[in-house]
1. Please give me, ordered by residue number, the GluC sites (Glu not before Pro) of region 166-229 that lie in loop per DSSP and have at most 10 other Cβ atoms within 10 Å.
2. Here are some pairs, Lys180/Lys247; Lys164/Lys247; Lys60/Lys213; which of them have Cα atoms lying more than 27 Å apart in this structure?
3. Estimate the FRET efficiency between Glu238 and Glu63 by the formula 1/(1 + (r/R0)^6), using the beta-carbon distance for r and 30 Å for R0, to the nearest 0.05.
4. Hey, how many Å between the Cα centroid of region 94-138 and the Cα centroid of region 40-91?
5. How much net charge surrounds Thr200 when only other residues with a Cβ under 14 Å from its Cβ are counted (Lys, Arg +1; Asp, Glu -1)?
6. Could you check the spin-label model distance between Gln215 and Gln116? Points 7 Å from the Cα along Cα→Cβ, value in nm.
Amino acid sequence: MIRPLILAVLLGVVAMPALAQQQLQLGGGKDEPSEIQADDALEWHQNEKTYIARGNAVYKRGELTVKADVLTAYYRELPDKSTEIFRAIADGNVLITRGDTTSATGGKGVYELDAQTFTLTGGNLKFVNNDDVITATDSMVYRQAEDVAIARGNATATRPKEQKTLRADTLTGHFAPNEKGEKELSVVDADGNVKLTTPTDVVTGRTGRYDVKTQFATITDDVRMTRGGNQLNGDYAEVDMASGVSKLLTRPGQGGRARALLVPDEKGQSPGGLPGQPATPAPPAPKK
C-alpha cells in the first residue's frame, strides 16, 4: 500500500513560499495553515508554472476542504520575484465542503482567485446548505465576494423533508449570516420555466423569488396554479408555504383577470381543494 504523501505548509515557510502562501486560497484567514495531501504524487512543474497533486488529492485551509482525483494550481511571477496562485482546477469526483453545513459536488471545478469565483461542471452537480439542496445539469457557480450561488440547466432547489421543490432554467441563491454568524441560504431567485411544487399545489410562471426563512414565494408572469384537477390563471401568485395558503392575484389597472377552471370529481362533488376552499356537495339533480 502506498503511504499518502502529505505536504503541510504554514505561512512564511521558506522551502515553498508560493505554495505556502497562495496555493488554492479558497477560504480561511491570512494566518491559517494550508495543507495538501495526495496518495500518488505532489509535483512542481516549473516550465508550466503549476503545482499538481494526484490521487485522492485533498486541500485544506480553515473550514474549507477541496477533494478531487487531481488538483492543479497555476501561479504567476510578481515584480518582486515572488509568486502567487491565480487559478486552481480540481478534476474528477470533486467535493467541496465548508464547515459542517455546506458542500458542493461536480465532475470538474475551476477557481479563479482574482474574481473569487468557483465554477463546477460535469456530472452530479449538487449544492447542499443545511436542509436546502440545489442541483443542476449545466453548471454551478459560486461568487465568493458576493455570497451568491448560480445553478444553470434544469436547476432545482428542494427541502426533501418538507416536500417542497422550486425548479427553473436558472436559480440564483443569496447567502446571509444567521444568528450564529454562519452563512446560510437566504433568498432564491428563479428565472425561466419556473415551477413551484408543494404538497398541495403546483404553481408555474416565468420568474419567481423564494424567501427561505419565511418560506414565502412569489411567482410572476403567465402564472398557473393547479391543485388536484383545478386550475387558476393570473398575473402572479403568492405562496405561503409555512401556513399552506396560496393566492392568485392580478395587477391593478392592467386589465388582467384571475381565471379558474373547476373540475367536478367523479362523485359529483363541486370542485374543492382550491386555496381556502373546502369541497362542497354538488346541488341535487332536478326531479323529472
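Just so it is clear, none of the values below were taken in a lab; they were calculated from the coordinates. Computed from a predicted structure; not experimentally measured. All Cβ positions, glycine included, derive from the backbone under ideal geometry; neighbour counts span all protein chains shown.
1. Answer in residue order: Glu179.
2. Values: Lys180/Lys247 34 Å; Lys164/Lys247 17 Å; Lys60/Lys213 31 Å.
Pairs exceeding the cut-off: Lys180/Lys247; Lys60/Lys213.
3. 0.20
4. Rounded to whole Å, the Cα centres lie 18 Å apart.
5. Result for the local shell: 0.
6. Using points 7 Å along Cα→Cβ, the separation is 3.3 nm.
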